[in-house]
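This report concerns only the one structure given below.
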Amino acid sequence: MEANFMVGVVLGLLAGLVNGVFLLPMRYTRKWQWENTWLIFTVLSTGVLPWIAALIAVPNLLSVFRESPASVFIPGLVGGAIWGVAQVLYGLGLGMVGVAVGSAVVARTSTIAGTVGPMIIYAPERLLSSTSLLLLLTIALILSGIYLYGKAGVLKDKETAGKEAAKQVVSGSFRKGLAICLTTGVLGTAFIYGGEVKALMEAAVAAGARSIYAKYPGFVVTFNAGMLPGVIYSIYKLNKNKTWSNFWQSGAFFWNFGSAGVMAILWYGGILMFGMSGEKIGTGLGPSIAFALFASGTVSFANLFGWLAGEWRGASRQTIRGFVVGMALVIAAILLIAFGVNRST
């Protein structure tokens, strides 16, 4: 169990790593607007790649779907649709309150929802166990670290780009934007439940799939359902901004398509590793522990790469100190999960 647990920890952190950097290729697209890249990315990451991964990992995948009762698809369809809406709301919320504040709020609420929610649903009998209490302590460390990240990010933006507040990208009150970010953080974890459908996982294993890949069919249902809101919103933006012509007039279609493809592979690779992490950790609390690692890894690596890219250059010592302390708290949470939770399982 210990060896499997540590493999699960590594997979959870790797999932956070690729999720923290998957947007980097978007910086290198040429003459495409956000909506051009996002439409391709959405179709590939939530429409195409889930099928490719599942077809490779699960023998007779189509038979698994055909022979499963319709009821087993409901969690994935509902969870995926909710998750898809949350992704659209995420962009709106950040446009109202700013990236630094919005990202911190979403990260904190999703950490709580993504860790405590599966704990309540999949392991209610262990809510008061030593493992669960220790996991809650790690959540407190992660939330504290994210708070310091967010606070330092706001200060850094003021120190490096002038004292005036950044221009609001989406119209609406700050309070409304904050409410959207809080809602997004909770709804954005709905994809977890689509991959945890026991009957579908058992059918995949019975068809010859290894248990570590058992969630792949559920992810097909979940993310195919979640694709629709993203595609609809991208098309709306393409129509509104009249940017359809960018696809054929940029002169860099294949380069841009490849960049969107790399984004999709990184993002969905993170999702797959998150699912495998929970399976390796097991113990009924697997999804909760995996999400805590996923969230902390995402925050840590995203901020680390931001630091290496020079995003914090020009910030004051006090601001940088807040950034470093925040990172230290999240790293402490990761170590506590790796060595403390492992011993208590």
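Taken together, the values in this text are just the output of simple stated rules run on the coordinates, not laboratory data. Fair warning: this is a prediction, and the values are worked out from it, not measured in the lab. With ideal geometry, Cβ positions are generated from the backbone for all residues, glycine too; neighbour counts draw on all protein chains shown.
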- Find the all-direction average of the projected area of the Cα convex hull for region 237-311, expressing the result in square nanometres with one decimal place. 7.7
- Query: Using helices alone, what [θ] at 222 nm do you get for the chain, with -39,500 (n - 2.57) per DSSP H run of 4 or more residues, divided over all residues and rounded to the nearest 500?
  - Reply: -24500 deg cm²/dmol
- Item | Inter-part distance where region 38-73 and region 269-303 are each reduced to a Cα centre, Å | 21
- Query: Which helices count as membrane-span-like in the chain under these terms: full DSSP H, at least 18 Å along the axis by C-alpha, Kyte-Doolittle mean of 1.6 or more?
  - Reply: 2-21
- Got a sec? How would 216, 90 order by Cβ neighbour count within 10 Å, fewest to most? 90, 216
- Message: Can you tell me the length gained on complete extension of the stretch residue 265 to residue 305, counting 0.36 nm per residue apart and subtracting the Cα distance?
- Response: 12.5 nm
- Task: Stick to the Cα atoms of the chain, pair each with every other, and give me the Kirkwood hydrodynamic radius in Å at one decimal.
- Result: 20.8
- Write down, largest first, the equivalent ellipsoid semi-axes of region 180-243 in whole Å, where each equals the square root of 5 times an eigenvalue of the alpha-carbon gyration tensor. 32, 15, 7
- Query: Rounded if a/c is under 1.5, else prolate if a/b beats b/c, else oblate: with a ≥ b ≥ c from the C-alpha gyration tensor eigenvalues square-rooted, which is region 169-326?
  - Reply: oblate
- Query: For the pair residue 328 and residue 211, how long in nm is the line joining their label points, each one 7 Å along Cα→Cβ?
  - Reply: 4.0
- Message: For Cα pairs less than 8 Å apart in space and 6+ apart in sequence, what is the mean separation divided by the residue count of the chain, i.e. the relative contact order in percent?
- Response: 43
- With each pseudo-label sitting 7 Å past Cα toward Cβ, what's the residue 202-residue 63 distance in nm, one decimal? 1.9
- Taking the Cα-to-Cβ direction at residue 28 and at residue 71 and moving 7 Å from each Cα, how far apart do the two end points lie in nm? 5.0
